[in-house]
Amino acid sequence: MTVEQLLKIAVEKGASDLHLVADMPPILRIDGELTEIPDMKPIDPDALKTMVFDILDERRLKTFEGNRELDISYEIKGLSRFRVNLHWEKDRVSLAARVISTITPSLEQLQMPPVVFELLRLKQGLILVTGPTGCGKSTTLAAMIDLINSERRCNIITLEDPIEFIYTPKKSIIRQRQLGSDMLSFQEALKHVLRQDPNVILVGEMRDLDTIATTITMAETGHLVLATLHTYNAAQTVDRIIDVFPPNQQSQIRLQLSLFLKGIISQQLLPRLRTKKGVMGNPKVEPLSYGRVATREVLINTPAIANLIRENKIPQIKSVIQTSAEYGMHTMDQDIKRLYKEGFISRETALSYMSEPETLE
């Protein structure tokens, strides 16, 4: 079979990912669980290499062979888009592909808290979406961009690796730039983005010190900046950003964050109970998936939070979030408890994902 045929099977079976590993049959991730495609035999290493090389043009093939890693976007017209990672393991080619919906979900479908809508209506500042790989950060960012695109006239510039969701301009201008083909690095693209007259900037991932520093500067200069980090919760996110910088710069970064950080949405996906509930108690709004449900921690940069960041009292952030529901804040544990009480997840799931399971009633 070809890679494209296997990707079509992944879409048909509602998988989120396809894995191709030498000497193993093709494997899908469905509702978070790895599952072999029925009646598929293990793929010979040479056959897999041929399959993968067939989807690459000459330029990408040369890059893959030289760098031993490659991230690309791949599209099957009329069906779906895919984020594909190619790599080598034991000197053999391997592939991991994420299925990207052709339809951008709404924030309502993602069960996003109302306070996030308010954040996205701000004209400037930094909003971070964080969480582990596969938790839906890209989908959340796409829904955020779609809300801005639907509500106001902006010049939106996205810096992505690779481009996943394709946005259709509604009220806004949208320029989507892909690493490798449209830009050489996030850092270089950010240096020049101010000359492109942006209102909103999306940074696919804050990967290093230079990218993080420039992203924060963008938020300082009157732009709304959306970005992601691979961190589990809000306090860890603030810590990670500050710790990237040398000690002599950390006090300045804390000050900048306290002033221009607007909010952090940390999320992960949990197994959903097999009941067809609506979204946020509304049976008329269909959820994005019946297989998994998102749980989130939300931080809003109130004066109390800003003061903790400035004074480097990061461990106290969690306590402030726990007691600031009036601002729309809640911890991951608090949201997991809500999902359990509302019947979206089982007690066993709640206990296994909570950092303090003994607090579950």
* **Residues of the range 312-358 satisfying the condition of being over 25 Å from residue 111 (Cα atoms), part of a loop (DSSP other than H, G, I, E, B) and either in contact (Cβ under 8 Å) with a residue 40 or more places away in the chain or assigned by TED's automatic domain parsing to the domain that holds residue 31 (or both)** => 312
* From the options 107, 120, residue that is closer than 30 Å to residue 225 by Cβ, touching a residue at least 12 places away in the same chain (Cβ under 8 Å), assigned by TED's automatic domain parsing to the domain that holds residue 261 and in contact with a helix residue (DSSP H, G or I) (Cβ under 6 Å, 6 or more places away or on another chain) -> 120
* Asked: Where in the range 159-249 are there helices (runs of 4 or more DSSP H), lying wholly inside it, with at least 2 residues that are touching a residue at least 60 places away in the same chain (Cβ under 8 Å) and at negative phi?
  -> 209-220, 234-244
* Asked: In this structure, is residue 56 loosely packed, with under 15 Cβ neighbours inside 10 Å and of a type in the set (A, V, I, L, M, F, W, C)?
  -> no
* Asked: Only one residue in 24, 51 is over 25 Å from the mean Cα position of the chain (by Cα), touching a residue at least 12 places away in the same chain (Cβ under 8 Å), more than 25 Å from residue 101 (Cα to Cα) and surrounded by 13 or more Cβ atoms within 10 Å (Cβ to Cβ). Which one?
  -> 24
* Yes/no for residue 96 being within 27 Å of residue 160 (Cα to Cα), surrounded by 15 or more Cβ atoms within 10 Å (Cβ to Cβ) and either modelled with pLDDT of 95 or more or of a type outside the set (Phe, Trp, Tyr) (or both) -> yes
* Structure fact -> If you go through 27, 43, 55, 9, the only one that is more than 20 Å from residue 87 (Cβ to Cβ) and either at pLDDT 95 or above or aliphatic (A, V, I, L, M) (or both) is 9
* Restricting to strands (runs of 3 or more DSSP E) lying wholly in the range 47-146: which have 1 or more residues that are of a type outside the set (D, E, K, R) and under 21 Å from residue 11 (Cβ atoms)? -> 69-76, 80-89, 92-100
* Asked: basic (Lys, Arg) and either crowded, with 21+ Cβ neighbours inside 10 Å or outside the structural domain of residue 294 (by TED's automatic domain parsing) (or both) - does that describe any residue in the range 143-152?
  -> no
* Structure fact -> With criteria (1) modelled with pLDDT of 95 or more; (2) closer than 23 Å to residue 47 by Cβ; (3) not acidic (Asp, Glu), residue 63 comes up short on (1)
* residue 35 being of a type in the set (S, T, N, Q) and not in a strand (DSSP E or B) -> no
* To do: Count, please, the residues in the range 2-21 that happen to be surrounded by fewer than 16 Cβ atoms within 10 Å (Cβ to Cβ) and outside any helix (DSSP H, G or I).
  => 3
* Give 89, 164, 108, 69 a once-over and let me know the one that is under 26 Å from residue 266 (Cβ atoms) and over 16 Å from the mean Cα position of the chain (by Cα). => 108
* Asked: For residue 102, are the conditions met, namely being under 19 Å from the mean Cα position of the chain (by Cα) and within 26 Å of residue 190 (Cβ to Cβ)?
  -> no
* Extreme residue, modelled with the lowest pLDDT, among residues of the range 313-361 that are surrounded by fewer than 14 Cβ atoms within 10 Å (Cβ to Cβ) and of a type in the set (Asp, Glu) -> 361
* To do: Search the range 167-181 for residues being of a type in the set (D, E, K, R) and under 21 Å from the mean Cα position of the chain (by Cα), and hand back the single one that is surrounded by the fewest Cβ atoms within 10 Å (Cβ to Cβ).
  => 175
* Asked: Just to be sure, is residue 38 surrounded by 11 or more Cβ atoms within 10 Å (Cβ to Cβ) and either farther than 30 Å from residue 159 by Cα or without any contact (Cβ under 8 Å) to a residue 40 or more places away in the chain (or both)?
  -> no
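The values are calculated or read from the model by the stated rules, or taken from the named source; none is laboratory data. Since the model is a prediction, treat every value here as computed from it, not as a measurement. Quick reminder, even Gly has a Cβ in these numbers, built from the backbone with ideal geometry, and neighbours come from all protein chains shown.
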